[in-house]
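None of the figures in this text is laboratory data; all of them are computed from the coordinates on show. It should be emphasised that the depicted structure is a prediction, and the values quoted were computed from it without experimental measurement. Here the Cβ positions follow ideal geometry from the backbone for every residue, glycine too, while neighbour counts run over all protein chains shown.
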Amino acid sequence: MLYYLTRILKKKGLFKRERRSTEIRALAIVLYFSGLSFRDVSKLLKAMGFKVSYEAVRKWYHRCKDIFNVERKRRRYVAIDETVIKVGKKFYYVWVAVDVERMEVISARISRRKGNLECLEMIMDSLRCKNKPIFLVDRAPWYKEVLSRRGLKYEIRTRGKRNAVESWFFQVEEEGEELLQKVPS
């Protein structure tokens, strides 16, 4: 995802000067779009070794916000999952919802905890479509509880169609390692 966003940003020529690399800007934009505040994105990037002000993150996002206009579509299956990442000494949870048939990321969020509230926020964010899709989830207890209370259909899957979300995490891990190699030691 970062790779594609970086290519789009370079192709559109939205940033003339390169005080910060386009990859860092793309990461900041994705982190903000995932639900973090400008200040939280700035703090997270500082923990990774990049000195970026929250005002810079705000300007970058507003320059690129049109890229993230997601059209409301009919979706049959949406796979949701979360994974943990460690930045410095802190742990963060990355939540992702992927349209299985189109392989599109519908929503991505970052939180400090995982549980029912974070799951609810992710599911509500994922319902920005024309219908109520069937959610494909793993065996984590918060999915079953939140989806049942909301009256939404779900299937517990560990393989098959749910691989769409797992492959997204794999891609992000690879790109993240590439990005972290650019961090000054």
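Taking a threshold of 31 Å on the Cα-Cα distance, which of the pairs K43/K144; K51/K73; K59/K89; K65/K90; K73/K144; K86/K144 fall above it? If you can, show how the numbers build up before the last one.
Values: K43/K144 33 Å; K51/K73 38 Å; K59/K89 28 Å; K65/K90 28 Å; K73/K144 24 Å; K86/K144 26 Å.
Going by Cα-Cα distance, K43/K144; K51/K73 fall outside the 31 Å limit.
One way to sum up the overall shape of segment 90-151 is the equivalent ellipsoid from its Cα gyration tensor, whose semi-axes run 19, 15, 10 Å, largest first. Note on F15/R102: beta-carbon distance plugged into 1/(1 + (r/R0)^6) with R0 of 41 Å gives a FRET efficiency of 0.90.
Restricting to segment 77-176, what percent of DSSP beta bridges are antiparallel, rounded to 5?
Values: 17 of 23 bridges.
Here the antiparallel bridges make up roughly 75 percent for segment 77-176.
For T83, put the label point 7 Å out on the Cα→Cβ axis and report which residues of segment 89-126 keep their amide N under 11 Å from it. Output list for this probe position: 94-96.
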